[in-house]
Structure formats: structure tokens, C-alpha cells
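Okay, structure first, notes after.
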Amino acid sequence: MNAYATYALKRLLQFALVVFIGINLAYLITHATPIDPVEQTVSAATAFGNTSPEAIAMMRKSLREIYGLEGNLWNQYAIFWQRVLVGDFGPSLSAFPTPVSTLIGRALPWTVGLLSVSTILAFALGNLLGGLAGYFADSRLLKIAGLAVMAVHPIPYYIVAFVVLIAFGYVWPVLPISGGYRINITWGWNADFILSVVSHAILPVTSLVLVGIGGWFMGMRSLVSNVVTEDYVTYAELAGVSRGKILGAYVMRNALVPQVTGLAMSLGSIFNGAIITEQVFGYPGIGTLLISAVHAGDYSLVVGIASVSIVAVSTAVLFIDLVYPLLDPRVKVS
Amino acid sequence: MLAILRDLMRYRPQFRLGVILTGVIVAFAALTLASPHPQQDQFVVPPDVPPSWAHWFGTTSRGQDVFWQLTFAIRNTMLFGFTVAILSRLISVAIGMWSGYKGGFVDRVLMSINDTFIVIPLFPLLVLFYFVMRDKMSWPLLALAMAALGWAYDARLIRSLALSLKTREFTQQCEFSGMRTSEIVLQEHLPYVLPIMFYTTMNNMNWSIGLEVTLSVLGFTNIDTPTVGVMIYWANQHTALVAGIWWWIFFPVLFVMILFIGLFLLAISMNEYIDPRSRLARMGGASG
């Protein structure tokens, strides 16, 4: 237990560092650039019609307050951190006066759902196929499957999502291509609503899985093809242990450990992919919210989403790191 | 390095295919030199013409020839990816080498920072960057921002290489025979570093081009310069798919996919060369 506590403490420190550097980057981007968001909003708001100079001055003052840009840089820095820690980013301008935190809170479950379902599916499928391909290296079917997933893997999420959208939106329109559930449906735990949510999730999940599967496949295949040459595998084969058991219990169990580390490392880029996929399919999550916030010129909302994303992803990574020792007895207790 | 490339060319079909695909795209980009229209001109040809002998890839609703427009787009996109790759290589080599050769406390601190950059979701940060810069957003600036954010994964690879090179016997022998550190690094270690550099450059180009396309499609870059993402952006703005002008979308997507797969094949076949275990497995030396 002592060893695990030390390990957990190290991971917690790393988590704190990620959040610290991430939030500082966000602060740097918003404050070190020569453009003043207040002036931008003011000029956008006063572009049409006449506005009296007093009104503009008042607007400028209240915007400074809303954006947390009052006082010197140290004050602003303190306010920035305070907002992140409390989770209060002020009211949203495009959906005034709804607080930014409410908007994010509404969108976050969709993103978490989409992200976790597609990541688990891609991880499980990729590792299973990769393990089989590494163990049965001569199988023609698995070689073809390998070529297929590897051809999709290097293509960015946007392009794959876009091609899936065209395929199922124009060429063969069988599935809903936009939104998270059917319009005019009552929310609740009934079969109709759940079915609607599931059918709307199929295309975004499919495109995320298509891109994600290749990395796990290749990693697992090369890991397994190394493990099968170990003496204990030959021994198990000679002892007449069934091939399924060898692959499942002896080979893939060992090869899975570095793959879980890989999962923690790549969670950030998977998150990037989910954001953009949401936008393509109009899925009501963080990604769609972020991009519409940019189009609406909603400063507080964009800063809020960027900060929340950093905290959310590093929390997920911390979670994987803390569960990881349960999988690998070598890390757990010495 | 050249000998490695020659061997890969001879014995690895994956590498050969990668060279061919990337070569086709580079040759296509080189056609910009012969283009009859400057890259930003509009309404130089009749709009919305489907692919024909006069216009191989058709024309856009903005009166541009898709073929010639795409040559510029591919060239600009590749230049952008290459710039980001080179810039971020400078950072990752510096951090990786320093961390690996120094070891100890320096190594721990640098790698903690490194892991941080691997974990942080970069896309929201880049969107935030665009949001603050707006019209001041330019390609060199975006390349700089992406290079500053995208070095971490490769720095880890280079660090592990430096760690292993440092403790090899021939390094110690060089040291005892009185070679200077710079000589050891340049003459003895560079041949080991170059294949990894090649591998990470191809990978990083894929990463940065992917982000460029994504950001441009959303309109979050300088949309006056044609790139692959910008072309798709304008096609979407003119609702090309609904209007049935499929060629405006189809050809950019097709070409950029070829580029991605080409670069990816170059990268993984080089990686197989770097990783001796997979080389052994291929030769049958380790197939128990």
C-alpha cells in the first residue's frame, strides 16, 4: 500500500503540473497577444447604428469586469485562476445572461459519453484484432483487416468524419447525421428517447472508432509478435494449453500494460478528435459549443471551454494512471 | 542515412509505396510553376463546370480551376507542414538530447514538462489562439504556435535514444581516446539520430497537416491563402455538396488522403528499420 501511495502522490503532482502549465498557456494566449478582446466586442457591438460615447464607455467598463481584465496583470492573473478553481467564468455573451458554467455543464455529458464509448470501443477492438493479427501472423483475413485499419489511421478525424457524413448523409441516407437526439422528443428514460440518442450517436462513434482503431491495432500486433517468441509461450504450447487461453491469458495480458500507458498519453489527441467530430455531426457537446462560441465572438465561453477541457482531460489521465497499477502487478507493490 | 534509404527502397514494399505516393503529391505540387492562373485569382474560368477535357477536375463556384487551385493548395499545405515539422524538431532535439545526456534532476524536470505537453488538449488552445488573433492570424504565426505546442512526443523518443547512446561501449571508447563531445555527437551518434529524425519529421508533418486542414475547414486560419483545408472551407461555404458540385470536395479530400497515407508509410517503414526487434522478426531470426 505504501508503494501505491507514493506512486499515487507522484501522479497527483503530475496532474497538478499539467493543469498549472495548461492554464498558464491559456492565460498567456489571451493576455500576451496584442489584441484586446474588449475592444473587439465593443467594435462588433457598435458596428451598426449610432451609440453614444457614454454608452460605449459603460459597455467597455462592464466588459472589462465580465472578462476579468481589470487591474494590473497580477490582478488579472489572480482572477483568471480564481475563475478556473471556482468554475465560474461569468455570463456568456451569446446566450446572455446564462452563465458559461451552465452552458458547459449542459454540453459536457454529451462529450464525455461520446468520448468514453468510442475510446473504449476503439481500444477493445483495436487490441483484440491486433492481438489476433500478431498471434496468427499468417492469417490472410487478418492481414487484409490490418491493411484496412492502417489505411484509415493516418487520416485526420475531420476528413474521416466528413467522408462518413457524405456516405450516410447523401449517398445512403439511413442514419441521422446531425444532432444528439430527435427534435420534439420528450426527455426521459423511455425506449423512444434512448433509441433516438443511440441512433444519433452511431455515426460520430463510428468515425471516431475508425480513426482510433489503427493505433491500438499496430501497437498490439507488434507487442504480441514480440511476446510470442518468449520461452514461456513455447512451453505453454508444448504443454498443450489451448491457443485461445495462451493468447488471452498469457500473451495479450502482458502486452496490454504498455497499451494502457499509451491510452493515457493519447487521450489529449483523442479529445481533439472528438471535438471536431462533434462539430461535423452537430453533436450537442463541448466541441460544437466551442466552435459556435468562436463564431459568436463569445470570449468568456471560449476561455471557459479551453480551461475546462484542460482540467477534464488531465483528470481522465489521472484516473487511468491511478487504475493502471491494478492491471500491472509489477507497479502495484514491491 | 542514404544507404538506409536505398536499402529500404529495395527491400520494403511499404517504403516504396510511400515514396511513390508522396512523390506523386510533390510532383503535383511542383505543377504550380506551370499554372496559368495566380493562386488568389477568382472568376478566371466559367464557374461550376464538371470535370472535362478542358478542366480535368472541374471548376469551383468561385470561378477557379480545381486542378490548378489544388496544386497551390497542396503546395501550401505541405510547406506549412514541413515548416512546423522543422521548427518543432529544433525544440524536440534540444530538449530530448539535453534531457538524455544530462540525466538526473534535469531529466526529471524536463520530462515532467514534456509529459504535460503530451497530455494537454492542444486543439482548444489553438482555437483560443485564433479567437484572440482573429484577422491578425497569419501562417508563420500559426506554424510557430503549433511548433511550440507539438514537440513533446518526439522529444521523448529522442531522449530515450540519447540515454541509450550515452551508455554504449563505443561512446566510452571515444571518450577515452580523447574525442571531444561535439565530435562524438556529430560523428558517432548522428547516424543513429538521423533515422529517428526522419521518422518523427514524417509523423509530425502528418500531425500538423491534419490540424491545418481541421482549423482551416472551420475558417480558423487565414482563409485567403489556398490550402487543402481552405479549399474545403470555401466549398462548404458555397454548399457545394448540396448544389451537386462534388468535384470541389472530392479531389482535395482524395489528394490529401494520398498525402497522409504516403507520409505515414514512409514513417512506419523507417520505424521498423529503427526497431531492431521487428527487423529480426522479419528476417525470421526470432520466429521460435
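The number of residues in segment A:178-219 being aliphatic (A, V, I, L, M) and buried (at least 18 other Cβ atoms within 10 Å of the Cβ) comes to 9. Residue under question is A:THR261, and the condition is that it be at pLDDT below 85, out of contact with any Pro (no Cβ under 8 Å at 6 or more places or on another chain) and assigned to a loop (DSSP other than H, G, I, E, B); does it hold? Considered against the rule, which asks whether it is at pLDDT below 85, out of contact with any Pro (no Cβ under 8 Å at 6 or more places or on another chain) and assigned to a loop (DSSP other than H, G, I, E, B), A:THR261 comes out as no.
In a residue-by-residue description of segment A:303-322, the property of being out of contact with any Leu (no Cβ under 6 Å at 6 or more places or on another chain), in a helix (DSSP H, G or I), charged (D, E, K, R) and within 14 Å of another protein chain (Cβ to nearest Cβ) applies to at least one position.
Residues of segment A:270-287 that are surrounded by 24 or more Cβ atoms within 10 Å (Cβ to Cβ) and more than 10 Å from chain B (Cβ to nearest Cβ): A:THR277, A:GLU278, A:PHE281, A:TYR283, A:GLY285. Taken across segment A:41-58, residues that are of a type in the set (S, T, N, Q) and within 14 Å of another protein chain (Cβ to nearest Cβ) do occur, with at least one present.
Considering only residues that are among the aromatic types (Phe, Trp, Tyr) and touching a residue at least 40 places away in the same chain (Cβ under 8 Å), which ones fall in segment B:227-246? Please lay out each step first, then the result.
Kept after step one, since they are among the aromatic types (Phe, Trp, Tyr), are these residues of segment B:227-246: B:233-234, B:246.
Once the filter is applied, which keeps residues that are among the aromatic types (Phe, Trp, Tyr) and touching a residue at least 40 places away in the same chain (Cβ under 8 Å), segment B:227-246 yields only B:TRP234.
Yes or no, residue by residue, for (1) away from chain B (no Cβ under 14 Å); (2) assigned to a helix (DSSP H, G or I); (3) free of Cβ contacts under 8 Å to residues at least 60 places away in the same chain; (4) more than 25 Å from the chain's Cα centre (by Cα):
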residue: A:SER116; (1), (2), (3), (4): yes, yes, yes, no
residue: A:LEU121; (1), (2), (3), (4): yes, yes, no, no
residue: A:VAL149; (1), (2), (3), (4): no, yes, no, no
residue: A:ILE155; (1), (2), (3), (4): no, no, yes, no
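Residue by residue, here is whether (1) outside any helix (DSSP H, G or I); (2) surrounded by fewer than 18 Cβ atoms within 10 Å (Cβ to Cβ); (3) at negative phi; (4) within 14 Å of chain A (Cβ to nearest Cβ) holds:
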position: B:ARG134; (1), (2), (3), (4): no, yes, no, yes
position: B:ALA145; (1), (2), (3), (4): no, no, yes, yes
position: B:LEU161; (1), (2), (3), (4): no, no, yes, no
position: B:PRO191; (1), (2), (3), (4): no, yes, yes, no
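If only residues of segment B:63-89 that are at pLDDT 85 or above and more than 19 Å from B:ILE209 (Cα to Cα) are counted, the one that is surrounded by the fewest Cβ atoms within 10 Å (Cβ to Cβ) is B:PHE67.
The numbered conditions (1) part of a loop (DSSP other than H, G, I, E, B); (2) more than 13 Å from chain B (Cβ to nearest Cβ); (3) under 30 Å from A:SER199 (Cβ atoms) are all true for A:PHE96 except (3).
Summed over segment B:163-185, residues that are surrounded by 13 or more Cβ atoms within 10 Å (Cβ to Cβ) and part of a helix (DSSP H, G or I) total 7.
Inside segment B:265-274, can you point out the residues that are buried (at least 22 other Cβ atoms within 10 Å of the Cβ) and more than 10 Å from every other protein chain (Cβ to nearest Cβ)? Correct list: B:LEU266, B:SER269, B:MET270. For segment B:1-25, a residue qualifies if it is surrounded by fewer than 15 Cβ atoms within 10 Å (Cβ to Cβ) and not basic (Lys, Arg), and the qualifying residues are B:MET1, B:LEU2, B:ALA3, B:ASP7, B:MET9, B:TYR11, B:PRO13, B:ILE20, B:GLY23, B:VAL24.
On the given criteria, is A:LEU203 within 25 Å of A:PHE15 (Cβ to Cβ) and more than 10 Å from chain B (Cβ to nearest Cβ)? No; evaluated as a whole, the condition is false for this residue.
Looking across segment A:112-169, the residues that are among the small types (Gly, Ala, Ser) and buried (at least 22 other Cβ atoms within 10 Å of the Cβ) come down to A:SER118, A:ALA122, A:GLY126, A:GLY130, A:GLY131, A:ALA133, A:GLY134, A:ALA161. Here is the figure for segment B:193-226: residues that are within 14 Å of another protein chain (Cβ to nearest Cβ), in a helix (DSSP H, G or I) and either under 30 Å from B:LEU2 (Cα atoms) or without any contact (Cβ under 8 Å) to a residue 12 or more places away in the chain (or both) total 10.
On the stretch given as segment B:245-264, residues that are assigned to a loop (DSSP other than H, G, I, E, B) and at the interface with chain A (Cβ under 10 Å from one of its Cβ atoms) total 1.
The values are calculated or read from the model by the stated rules, or taken from the named source; none is laboratory data. These numbers come from a predicted model, not from an experiment. In this analysis, Cβ positions are derived from the backbone assuming ideal geometry, glycine residues included, and neighbour counts consider all displayed protein chains.
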